[in-house]
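Read the structure below first, then the notes.
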Amino acid sequence: MARQLPLGVLISGSGTNLQAIIDAIEAKRLDAVIRVVISNREDAFGLVRAKKHNIPTEIVDHRKFPSREAYDQALIDILEARQVELVVLAGFMRLLSPVLVKAFSNRIMNIHPALLPAFPGLHVQKKAAEHGVRFSGCTVHFVNEGCDEGPIIIQAVVPVYPDDTEESLSARILKEEHRIYPGAIQLHSEGRLHVVGRKVLVDNLEKEENQVLVNPPLKG
Ligand code: GRF
């Protein structure tokens, strides 16, 4: 049996990405085990999802800590006690301090609902729809000390249409998030990801050089 990569998943809300990771593990598409789910909010629905699958949960309320660093140290203590090797941010609505980023250097992943480096930050599906881009998507990246800036692991592209709303585009992107996040974690579990400067090199990468998308499509 393949080695099960020990994960710590950090959430703040609904946890549909957490669910996708749980489902991928249960379907044996992902060689990992979730050692702990940590939420900064006690009402995060992701906690209910974790409990349903008998995954240990912790609530660490950021309002109870004097500084970002003190909060992040509390997270590190839990993650280390559970011997977590990869930290997975899944809708965790907090910026990480260098304390946490250094403790898990190139061992923290995040998913962002846009094609980075376009549209970093918040409310990016709305921004992409309003900007009139023809494509958007999602990005899984390693977390560095910048916001949504770390080396990119995998991206999925979806079309954007002029009548898209924040909701319709978010739903189209979210569906792809649920595919690529477990996929990115599996690549890490297989030891195939190597960060070299800004780039993430993937062992045995298959190239599809003719994979071109055009929107609106050109006839003929
Ligand atoms: C997702 O859109 C993700 O890209 C962003 O936060 C949202 C989390 O959704 N970072 P969920 O809690 O996984 O449903």
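Given the options ARG82, ARG107, ARG63, state which has the largest fluctuation in a GNM of the chain using a 10 Å cut-off (strictly under) for Cα springs.
Most flexible of the set in this elastic network: ARG63.
Rounded to whole Å, give me the distance from the Cα center of region 187-210 to that of region 1-46.
Cα centroid of region 187-210 versus Cα centroid of region 1-46: 22 Å apart.
Based on the Kirkwood radius over alpha-carbon pairs, what value in µm²/s does the Stokes-Einstein equation return for the translational diffusion coefficient of region 1-104 at 25 °C and 0.890 mPa s?
Details: Rh = 13.8 Å.
It comes out at roughly 178 µm²/s.
Please enumerate, by chain and number, the aspartates and glutamates with C-alpha under 17 Å from the C-alpha of LYS51, excluding those fewer than 8 residues away in the same chain.
Partners found: ASP23, GLU26, GLU42, ASP43.
What are the semi-axes of the equivalent ellipsoid of region 112-203, taken as the square roots of 5 times the eigenvalues of the Cα gyration tensor, listed largest first and rounded to whole Å?
The three semi-axes for region 112-203 are 25, 14, 9 Å.
Order 197-203, 70-76 from most to least packed using the mean count of other Cβ atoms within 10 Å.
Values: 197-203: 12.3, 70-76: 19.1.
The densest-packed peptide leads the list: 70-76, 197-203.
Pick from GLU209, GLU69, GLU166: which residue has the top mean-square fluctuation in a GNM of the chain where Cα pairs under 10 Å get a spring?
Among GLU209, GLU69, GLU166, the largest GNM mean-square fluctuation belongs to GLU209.
At a 1.4 Å probe, what is the % contribution of carbon and sulfur to the accessible area of region 69-220? Write out the running numbers ahead of the final one.
Values: 4460 of 8330 Å².
Roughly 54 percent, rounded to a whole number.
Which entries of LYS127/LYS219; LYS28/LYS52; LYS102/LYS199 have Cα-Cα distances beyond 21 Å here?
Details: LYS127/LYS219 29 Å; LYS28/LYS52 18 Å; LYS102/LYS199 18 Å.
In this structure, LYS127/LYS219 lie more than 21 Å apart at Cα.
Using Cα pairs closer than 8 Å and at least 6 residues apart in sequence, work out the relative contact order for region 110-206, in percent. Walk me through the intermediate numbers first.
On the way: 157 pairs, mean separation 25.6, N = 97.
For region 110-206, the relative contact order is 26 percent.
Filter the chain for me: DSSP H helices, axial length by Cα at least 27 angstrom, mean Kyte-Doolittle hydropathy not below -1.0. List them by residue number. Intermediate values should be presented prior to the final figure.
Values: long enough: 166-189 (33 Å, -0.58).
Long hydrophobic helices here: 166-189.
For region 56-143, what is the convex hull (Cα atoms) projected area averaged across all directions, in square nanometres? If you can, show how the numbers build up before the last one.
Details: hull surface 26.5 nm².
Reported value for the Cα convex hull: 6.6 nm².
What residue among LEU30, LEU79, LEU205 has the largest mean-square fluctuation in a Gaussian network model of the chain, using Cα springs under 10 Å?
For the chain, modelled as a Gaussian network with Cα springs under 10 Å, the answer is LEU205.
Return the calculated 222 nm mean residue ellipticity for the chain, to the nearest 500 deg cm²/dmol, obtained by summing -39500 (n - 2.57) across DSSP H runs with n ≥ 4 and dividing by the residue count. It would help to have the intermediate numbers written out before the result.
Details: 6 runs with 71 residues, N = 220.
After summing the helix terms and dividing by the residues of the chain, the value is -10000 deg cm²/dmol.
How big is the antiparallel share of DSSP beta bridges in the chain, given as a percent to the nearest 5? Could the numbers behind the result be given before it?
Values: 15 of 33 bridges.
Close to 45 percent.
What is the log10 of I(q)/I(0) for the chain, computed with the Debye formula using one identical point scatterer on each Cα and no solvent, at q = 0.08, 0.13, 0.14 Å⁻¹?
Relative scattering, expressed as log10 I(q)/I(0), comes to -0.29, -0.76, -0.88.
Which value, in Å², gives the accessible area per residue of region 1-104 when a 1.4 Å probe is used on the protein heavy atoms?
With all protein chains present, region 1-104 gives 49 Å² per residue.
The values are calculated or read from the model by the stated rules, or taken from the named source; none is laboratory data. Just so you know, these numbers come straight off a predicted model, no measurement behind them. Backbone-built Cβ (ideal geometry, glycine too); neighbour counts: all protein chains shown. What goes into the accessible areas is simple: the full protein's heavy atoms, side chains included, and nothing from ligands, DNA or RNA. Shrake-Rupley method; radii C 1.70, N 1.55, O 1.52, S 1.80 Å.
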